[in-house]
């Protein structure tokens, strides 16, 4: 990519910020080799559209098929490692007094990188919950059944992700909205700004008076309204930005 020039005004704004929020999407995970939702449909799974598998109705009709698909996706994601963009967000969290990381990704890479305050809007591939009660289940008896059964009520266990037709977790979304309207600087990173309700967050930040910074290789519906639209991959742009604000080296 061409050399990225960081505006001195942006550097000063970020250096002085007390509250920062960041929204991340599939783009930052793609830099770690995690295929996007639809790009993952290869091999045996190429015959299925994701919309045919990622619904409560599909799970009720074909529970083993859906469980096996998610097991396959977990294996794909488990081979990926956090990239420079993930690590830069860890450093940013250490640099500012209050930082909230909001992600649409379900791969857990932000936590693996070391981020602490992470709001997972769409859940996490590596968590499991009861299909009937909705509670997260960490351990269950391995009876060989697929999917396994909830140790509390005997219902099927399912991946703790948000499927088509389901609402985002209310408490998590509320926290994300609160962090958005209270922040001084809001980052939109590697997201198309097309999937709602997450796509509404940067616009809510604009209305709340925050400085909005977009980091994305391609233009999005946010680009024309963001105060700063930085073209490039998160793993290249974020380290450059942090170096411009705080100099080289790790967090204090």
Margin query: Kindly evaluate residue 160 against the criterion of being within 23 Å of the chain's Cα centre (by Cα), free of Cβ contacts under 8 Å to residues at least 60 places away in the same chain and either farther than 28 Å from residue 87 by Cβ or buried (at least 21 other Cβ atoms within 10 Å of the Cβ) (or both).
Written below: yes
Next item on the list: Report whether or not residue 212 is touching a strand residue (DSSP E or B) at 6+ places or on another chain (Cβ under 6 Å) and free of Cβ contacts under 8 Å to residues at least 40 places away in the same chain.
Entry: yes
Checklist line | Residue list for the stretch 42-51, filter: surrounded by fewer than 15 Cβ atoms within 10 Å (Cβ to Cβ), at pLDDT 60 or above and not in a loop (DSSP other than H, G, I, E, B) | finding: 46, 47, 51
Notebook entry, point to check: Which one of the conditions (1) surrounded by 23 or more Cβ atoms within 10 Å (Cβ to Cβ); (2) in contact with a helix residue (DSSP H, G or I) (Cβ under 6 Å, 6 or more places away or on another chain); (3) part of a helix (DSSP H, G or I) does residue 188 fail to meet, given that it meets all the rest?
Noted result: (3)
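If I go through the stretch 91-104 residue by residue, how many of them are under 14 Å from the mean Cα position of the chain (by Cα) and under 26 Å from residue 244 (Cβ atoms)?
So the count comes out to 4.
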Next item on the list: Hey, can you tell me all the residues within the stretch 1-38 that are exposed (fewer than 11 other Cβ atoms within 10 Å of the Cβ) and at pLDDT below 90?
Entry: 1, 2, 3, 5, 38
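Here are some residues: 133, 175, 170. Which one is surrounded by fewer than 17 Cβ atoms within 10 Å (Cβ to Cβ), in contact (Cβ under 8 Å) with a residue 40 or more places away in the chain and out of contact with any helix residue (DSSP H, G or I) (no Cβ under 7 Å at 6 or more places or on another chain)?
Answer to the check: 175.
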Margin query: Step by step: first the residues of the stretch 197-209, then only those that are closer than 17 Å to residue 175 by Cα and in a loop (DSSP other than H, G, I, E, B), then the one that is modelled with the highest pLDDT. Which residue is that?
Written below: 208
Note to self: If I go through the stretch 78-88 residue by residue, how many of them are in contact with a helix residue (DSSP H, G or I) (Cβ under 8 Å, 6 or more places away or on another chain) and part of a helix (DSSP H, G or I)?
What the structure shows: 5
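Listed here are the residues, each with its yes/no results for (1) part of a loop (DSSP other than H, G, I, E, B); (2) out of contact with any strand residue (DSSP E or B) (no Cβ under 6 Å at 6 or more places or on another chain).
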{"residue": "90", "(1), (2)": "no, yes"}
{"residue": "102", "(1), (2)": "no, no"}
{"residue": "112", "(1), (2)": "no, yes"}
{"residue": "128", "(1), (2)": "no, no"}
{"residue": "153", "(1), (2)": "yes, yes"}
{"residue": "165", "(1), (2)": "yes, yes"}
{"residue": "174", "(1), (2)": "no, yes"}
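Listed here are the residues, each with its yes/no results for (1) in contact (Cβ under 8 Å) with a residue 24 or more places away in the chain; (2) touching a helix residue (DSSP H, G or I) at 6+ places or on another chain (Cβ under 6 Å).
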{"site": "111", "(1), (2)": "no, no"}
{"site": "125", "(1), (2)": "yes, yes"}
{"site": "129", "(1), (2)": "yes, no"}
{"site": "138", "(1), (2)": "no, no"}
{"site": "166", "(1), (2)": "yes, no"}
{"site": "192", "(1), (2)": "yes, no"}
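The values are calculated or read from the model by the stated rules, or taken from the named source; none is laboratory data. Values in this document were obtained by computation on a predicted structure and should not be read as measured data. So basically every Cβ, Gly included, is an ideal-geometry build from the backbone, and we count neighbours across all protein chains shown.
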